[in-house]
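The values are calculated or read from the model by the stated rules, or taken from the named source; none is laboratory data. Quantities reported herein were computed from a predicted structural model and do not represent experimental measurements. Don't worry about glycine lacking a Cβ; one is built from the backbone with ideal geometry, like all the others, and counts go over all protein chains shown. Areas reflect the complete protein model, heavy atoms only, side chains present, ligands, DNA and RNA absent. Shrake-Rupley method; radii C 1.70, N 1.55, O 1.52, S 1.80 Å.
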Amino acid sequence: MSLNIEEFKGALLSGIARPNKFRVQLPGNIVGASQRQGTIADFNGGVQDINILCKSCTLPMRQMLTAPRQIGMKSEEVTHGYAVQDVTFSFHEPNTYLIRNYFQAWMDKQVDLFTHELEFKKGSRGEGGYAKDVGIFQLNNAGQDIYRCVLIDAFPKTLGQIDLSNDNNGTVETTVTMTYTNWRASPIASSNLTPATKTRPPVKPQTATTWINPDIAAAKARKKFPNVQPFTSGSVW
C-alpha cells in the first residue's frame, strides 16, 4: 500500500507519545524493621517527593510461553503460560538520601535484619505484608494520563550500589530493581483527556418565498392605473 502523507498526519492528530512524559506512583506507609528501631524516618509525607524524583523507568514486558504440539504430520506452537520481567527504576538522590532510605525500609519488611526472620508477602486479609501495587503512567504533552500500568504485588528485589568518586561534576542516582506477580494496563479514553468542543447552534431553516412573475405584476399595475404609461428608454420626462 502506498503511503499517503495526509493519512499519516491524520493518524497523529493526538501527537506522538514521548518517553520523557511519565510519572510513577509508589506506595506509602512503608514501615520496616529498621524504622521500628528508630533508624529510618517516616515516609508518609515524602512519597510524593519520591515519585517526582524518578529519573527513568521501564514499562513491563510480557512474553507468551509456547510449546510445540504435534497433530499428525503438522507441528504448531501453542501457548501454555506467560512470563514477566523485572522493572528497573532510577531516582535522583537528594542530600537527605530519601530514596535509599525508603527502599531500605521496604526491604526491611521482607527480612528483619535484626532477628533474621522472614516477613509475610501478603497479610491474611490482603492487607499488610511487603507486596504493594506500583503505578506507572504515560503522559501527553499537556501532562494528562493517557496510559496506566500497575505492577501487582511488587516489591524491591535489588537496591543498586552507588559509586562515589572525587569528580566535581555528577550527581548521585539510586537504582532499584523491582519484581512483581503480574501487571495490568489500560488505555485512558480520549474523551477524558480533552474538554468537549462547543458545537455551533443549528441554523434555523428559512421558509421559501413565492416567485412573482414581473410580467404578471406589470399587467396588474396597468389594470389598476390605466392612465400611467410604462417607462421606456426613449421616453422623455
Please specify each residue of region 100-133 satisfying the condition of being open to solvent by 80 Å² or more (accessible area, probe 1.4 Å) and in contact with a helix residue (DSSP H, G or I) (Cβ under 7 Å, 6 or more places away or on another chain).
LEU113, PHE114
Residues (touching a residue at least 24 places away in the same chain (Cβ under 8 Å) and aromatic (Phe, Trp, Tyr)) located in region 95-133
TYR102, PHE103, TRP106, PHE114, TYR130
Could you please let me know if ILE136 is touching a residue at least 60 places away in the same chain (Cβ under 8 Å), under 30 Å from LEU13 (Cβ atoms) and outside any loop (DSSP other than H, G, I, E, B)?
yes
Out of (1) out of contact with any Ser or Thr (no Cβ under 9 Å at 6 or more places or on another chain); (2) assigned to a strand (DSSP E or B), the one ILE146 does not meet is (1)
Flagged in region 157-184 as surrounded by 14 or more Cβ atoms within 10 Å (Cβ to Cβ) and either in a strand (DSSP E or B) or among the basic types (Lys, Arg) (or both), in numbering order, are LYS157, THR158, LEU159, GLU173, THR174, THR175, VAL176, MET178, THR179, TRP183
Residue count, region 69-99, condition open to solvent by less than 80 Å² (accessible area, probe 1.4 Å) and touching a Gly at 6+ places or on another chain (Cβ under 9 Å), comes to 3
